[in-house]
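Chemist: I'd like to ask some things about the structure below.
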Amino acid sequence: MAIAVPPDLEPATAEEVLAYAAERFHPRLFVACSFQKEASVIMDMLLRIEPEARFFTLDTGVLFEETYETWRAVERHYDVRIEVFKGISLEEQARRHGDELWARDPDACCGIRKVSPLEQALSEVDAWVAGVRRDQSPLRATTPKFHWDEKHDLWKVNPLADWSDGDVWDYIAANGIPYNPLHDRGYASIGCTHCTKPGAMHA
Ligand code: SF4
């Protein structure tokens, strides 16, 4: 597929980046919702721009109860329904690959529970939005606000790329929006119960 040169959205604010993405791609625009604090900000911001915006989550089946509660809280707060993508059941995974695959072969477990469902979700749209920030890790330091995602073959939008942790918290406080309470207990990044530790940043 021939890819057009992307517009330079680097000087744009997060709202401007989301407005551009909504205008160009909605309804073939999907927001990845991990129920971490960045997802709360993006949801709040985008729904003001496009009330019919679409959100999805990858339910690995081993998320924290606080994450499931945050999921329910944001659906209530914004009156939205978050589309769910998931792999085989945990029982089926254990039957095929043995118990506690995450402990023996985390790449295989992630492949089943995260990578395949993500590919399925992204196959339905032309662009997706994620809450990646450049200051989260050296690997993310050069994240553009808008770019062609070679790996998944669609556009990727990172409206919070140049936001700091403090910027995210300021937005949450100023707008009184729901967020995952695990952040208040020292979790910088929140994923599956088996693989997330307080303070740790997962990829
Ligand atoms: S983060 Fe851990 S439990 Fe979750 S899918 Fe990956 S290996 Fe499995």
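Coordinate-derived values only; no laboratory data. Everything numeric here is computed off the predicted structure, so don't read it as measured data. Neighbour counts are summed over all protein chains in view; Cβ atoms, including those assigned to glycine, are modelled from backbone coordinates with ideal geometry.
Chemist: Per-residue counts of other Cβ atoms within 10 Å, averaged by peptide: what ranking do you get for 129-137, 146-154, 39-47, highest first?
Modeler: The packing order, highest mean first, is 39-47, 129-137, 146-154.
Chemist: Given region 14-185, report the % of alpha carbon pairs whose separation exceeds 24 Å.
Modeler: Result: 39 percent of Cα pairs exceed 24 Å.
Chemist: With label points built 7 Å along Cα→Cβ from the Cα atoms of Ala173 and Lys197, find their separation and express it in nm.
Modeler: 3.0 nm
Chemist: So what is the 222 nm mean residue ellipticity for the chain from helices alone, if each DSSP H run of at least 4 adds -39500 (n - 2.57) and you divide by all residues, rounding to the nearest 500 deg cm²/dmol?
Modeler: It comes out at -10500 deg cm²/dmol, rounded to the nearest 500.
Chemist: Explain nothing, just the number: dipole magnitude of region 14-185 about its Cα centre with +1 on each Lys and Arg Cβ and -1 on each Asp and Glu Cβ, in debye rounded to the nearest 20.
Modeler: 200 debye
Chemist: For region 17-66, take the convex hull of the Cα atoms, compute a quarter of its surface area, and give me that in nm², please.
Modeler: 3.8 nm²
Chemist: So which GluC sites (Glu not before Pro) in region 42-99 end up in coil per DSSP with only 15 or fewer other C-beta atoms within 10 Å?
Modeler: Glu52
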